[in-house]
Structures are given as C-alpha cells and as structure tokens.
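As structure tokens, the structure follows; a few thoughts come after it.
The values are calculated or read from the model by the stated rules, or taken from the named source; none is laboratory data. The structure displayed is predicted, hence computed values, not measured ones. Cβ sites come from the backbone with ideal geometry, for glycine too, and all protein chains shown count toward neighbours.
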Amino acid sequence: MCATVAVDPLAGFLPHSQLPALLHALHETGYRCIGPQARDGAIVFDELQDTADLPWGLIDVQEPGRYRLTEATSRRAFAWANGPQAIKPWVFQAHEPQWTAQRNAQGHIRFEAVHVAPQATAILGVRACDLAALQIQDCHFAGSRERDAAYLARRDHLLLIGIHCARSADTCFCVSTGDGPAIDRGADLILGEIDEGLIVSACSTAARRIFRLLPLERVRPEQWAMLRQEVTNNAGSQRRALPSQDLRNLLYAKLDSPHWSTIAERCLSCGNCTAVCPTCFCHQETDTSTLNGEWVTHAREWDSCFSDQHAHLAGLEIRSEVHLRYRQWLLHKLGTWHEQYGRSGCVGCGRCITWCPVGIDLTEEISAFSSEETST
Ligand code: SF4
Ligand code: SF4
C-alpha cells in the first residue's frame, strides 16, 4: 500500500445517487454484500441490503481508550476511518466448529468434519490497512506449510471492494508501517470517494464484470486531482508513527527492560487489543458435549496471548505475570513476526490504541524503549 493514489485511465465515476447500482450489480452476479454500518455507536461490517444503511455523513473520533461517531460536514458514505472490527471475522471466525463426534447405542463413536459451504461474498469499504492485514492472515492460514480449509473456503470466494482513506483517525499510523492510506494492491475493485461520488477502478476479472454493469461517467481531471490531494493530505496528517518497519533489534535488546513492568502497571490483561487486531490469529480448541456425553462439538475459538489459558504449556503457566504477556504480544507483533512472515505483524490501523480500556499506545511504548536506548 502507499501514500498516494495512482491515476487509472480506465476508471469510471459513480455518483452517490447511483450507488444502489453497485449493490444491484453484486447481487446480479451472485454475491451477497457485506458493508459498513453504524451500530451501537460504532462502524461494523454486516450484510448490506440497502445502500441507505451505509454510515452516510458519519465520521469516527478516536483517541487512546475512546471511540465516538459524530456527524461530518459532508454527506459521504465512507468518511469514517475504521471500527473495532476489521474483515478478519469474515475469514477467521471467532467461534468455528471443526468436527463433531457422536456415540451410538452400541458405543461406537463416529467423527464428522464440519465443512464450510462456500458463499460468494463481496466486502464493501475495505481499508488499505485491512487489505494488508488480510495478506498477513493469508500467509498464516493459506501459506505453503499449513492450509486451513475453513479459511480457504471463505477466502477463495471473497470479492474485495477497497476504498482509499481520505481521512485518518487520530490513532492511525499506517503511513509509517507502509500499509496506507492509498490502496495499490489486494482489492478487486478500488473506490475513491469525493463529495459528489466515487471513482471506481476494476483490478480483477471478477471486478471487471461488475464494473461493466455500473452506470459510470467519465472521471473529470479535477475529480482525480481532488481525490489525490485528499489522500495525500491525509497521509501527511497522521501524528502517530513507528520509527521503523523492522523493530527486531530494538526489541530484542530490551528483553530485560524495567519498562515492561511499567506498562504492566496499567495493562489489565483484558485481551481487547488482540480481539480488535486484524492480524492476530491466536486461538484455542474447545470441546462441548451434551449432558449424556453422546454428542461432542469440537470448535476453534479466538484466544489471546493475554489470557491465562493461552499461557499454559505442558501443565506450566509460562507467562504468569502481565509484563510477560505484554512483552510476548509486542515482541511477536513487531519482532518475531518478521521471521515467520517476512514483515511486521502491525499494519498501523490503531485499533489496539483506541479499544484499549486504559489507552495503552504501542507507538508511545516503542518511543519509550527507544529513549531508554538513547539514554543508556
Ligand atoms: S498491533 Fe494495533 S495498530 Fe497494529 S495492526 Fe494490530 S490493532 Fe492495528
Ligand atoms: S494493552 Fe490494553 S487492551 Fe491490551 S490487554 Fe492490556 S489493557 Fe487490555
């Protein structure tokens, strides 16, 4: 992803009044559409039946430990930056049955795998950072070593409709991680929103089919100029940053720093940061049986490196203290992830800052470790 929008000579312009045609084209071509909606005071992704349900005229105000929706000065559908939920739940579900076991009257046990029925799904309004996060999840769930059948069944049937970010939340720092705010890969259709409507580019064969069904107008040069200026200004507006995309050396040198305990004095070990993070993939396996023990469902559930049970290994609790859990999280996210997936596990979405109940900010914690280095 990058900080500026590339001009696409084949793009078309879709006025806001024609947005229902996009939903119609998706339905015509067999997709259900998942899109952003305001619900319980936040932007969430859910099945979109009507473009009137998009969060028209809303923006999000975010800061450490705080998220509010408020009215914007213009009536756009995608003026908000992000919500607590990335698109992760649409490929890696919070609770996913894996197999069932049934014991019959003769005492024989029959195991059956639970298969995900593929469903063509378009996700509208995906941000650059969340596309980057999905590429990381692909490495984990669909890489060459392990290939997760449920993830692949959903992922292979996704049509991703990305949108360039013309506005960042105060907690966003995707420019420093190299993951936004403009989209240059990972999406099938790319949208850029200005006050009058959307500039639409098709980047895949499936997307070109939908593109041809839209009542598009020619994009005027001043519309391109406006979009490019807004996204460039947005990139320049981010106040938070990580100092480097590879923080391994810094963090490996800080394993015994007293600053981990300083963070732990505030950290509640609640796991909110991992639940909202679009790249976190830790999970646990659970078995639920009927009271008579004849039927068992084995499921995979999201877990967090901040939870007690996740720190249990061969009967031992290996991270009994909060500072060890926070260290595990940050060290993995920004350090050892490079060895696993060739990049950091952070895409700069800022969700862990906003949704941390005590407002712990990883960019500030990295600055604190860096200053320790300078002062020693
Ligand atoms: S670590 Fe925080 S900022 Fe980075 S991707 Fe996860 S939630 Fe977003
Ligand atoms: S850093 Fe914040 S969100 Fe994460 S576990 Fe600690 S208190 Fe919870």
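Of note:
- Within segment 24-58, being touching a residue at least 40 places away in the same chain (Cβ under 8 Å) and touching a Cys at 6+ places or on another chain (Cβ under 9 Å) holds for L26, L48.
- The set of residues in segment 84-108 that are touching a Leu at 6+ places or on another chain (Cβ under 9 Å) and of a type outside the set (K, R) comprises A86, I87, W90, V91.
- Hits in segment 59-104 (condition: buried (at least 20 other Cβ atoms within 10 Å of the Cβ) and either hydrophobic (A, V, I, L, M, F, W, C) or part of a strand (DSSP E or B) (or both)): I59, D60, Q62, A77, F78, A79, W80, A81, A86, I87, V91, F92
- Members of segment 129-157 that are of a type outside the set (K, R), without any contact (Cβ under 8 Å) to a residue 24 or more places away in the chain and not in a loop (DSSP other than H, G, I, E, B): D138, A142, L152
- Test: residue in segment 217-230 that is aromatic (F, W, Y) and over 14 Å from H164 (Cβ atoms): no
- Check on T121, closer than 30 Å to V200 by Cα, within 16 Å of ligand 2 (Cβ to nearest atom) and assigned by TED's automatic domain parsing to the domain that holds G57: no
- Residue list for segment 338-376, restricted to those being assigned to a helix (DSSP H, G or I) and within 10 Å of ligand 1 (Cβ to nearest atom): R351, C352, I353, T354, L362, T363
- Out of I360, I318, sole residue that is surrounded by fewer than 18 Cβ atoms within 10 Å (Cβ to Cβ), under 26 Å from A253 (Cβ atoms) and touching a helix residue (DSSP H, G or I) at 6+ places or on another chain (Cβ under 7 Å): I318
- Failed criterion for T70 (all others in (1) within 21 Å of the chain's Cα centre (by Cα); (2) under 18 Å from C172 (Cα atoms) hold): (1)
- For segment 244-267, filtering for residues that are near ligand 2 (Cβ under 8 Å from one of its atoms), exposed (fewer than 15 other Cβ atoms within 10 Å of the Cβ) and not basic (K, R) leaves 0.
- Residues within segment 26-44 that are outside any strand (DSSP E or B), surrounded by fewer than 20 Cβ atoms within 10 Å (Cβ to Cβ) and among the aliphatic types (A, V, I, L, M), tallied: 0
- Cβ-Cβ distances below 9 Å connect no pair with a first residue in segment 7-19 that is free of Cβ contacts under 8 Å to residues at least 40 places away in the same chain, a second residue that is surrounded by fewer than 14 Cβ atoms within 10 Å (Cβ to Cβ) and not in a strand (DSSP E or B), and a separation of six or more residues or different chains.
So that you can scan it fast, the table gives a plain yes or no per residue for (1) farther than 17 Å from I263 by Cβ; (2) within 18 Å of the chain's Cα centre (by Cα):
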{"position": "Y326", "(1), (2)": "no, no"}
{"position": "L334", "(1), (2)": "no, yes"}
{"position": "S344", "(1), (2)": "yes, yes"}
{"position": "P357", "(1), (2)": "no, no"}
{"position": "S367", "(1), (2)": "no, no"}
{"position": "S370", "(1), (2)": "no, no"}
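- Look at segment 324-351: where a residue is more than 19 Å from A128 (Cβ to Cβ) and of a type in the set (S, T, Y) and a partner is modelled with pLDDT under 95 and not in a helix (DSSP H, G or I), sitting 6+ places away or on another chain with Cβ atoms under 8 Å, you get Y326/F306.
- Residues of segment 34-86 that turn out to be among the β-branched types (V, I, T) and within 21 Å of P278 (Cα to Cα), as a count: 5
- Only one of C270, C203 that is surrounded by 14 or more Cβ atoms within 10 Å (Cβ to Cβ) and within 16 Å of ligand 2 (Cβ to nearest atom): C270
- Which numbered condition G359 fails, given (1) touching a residue at least 60 places away in the same chain (Cβ under 8 Å); (2) in contact with a strand residue (DSSP E or B) (Cβ under 8 Å, 6 or more places away or on another chain); (3) more than 16 Å from ligand 2 (Cβ to nearest atom): (3)
- Residue, farthest from K333 (Cα to Cα), within segment 278-301, restricted to residues that are away from ligand 1 (no atom under 16 Å from the Cβ) and assigned to a loop (DSSP other than H, G, I, E, B): N292
- Summed over segment 258-277, residues that are closer than 17 Å to T363 by Cα and part of a loop (DSSP other than H, G, I, E, B) total 3.
- Looking across segment 213-241, not a single residue is of a type in the set (K, R), more than 28 Å from the chain's Cα centre (by Cα) and assigned to a helix (DSSP H, G or I).
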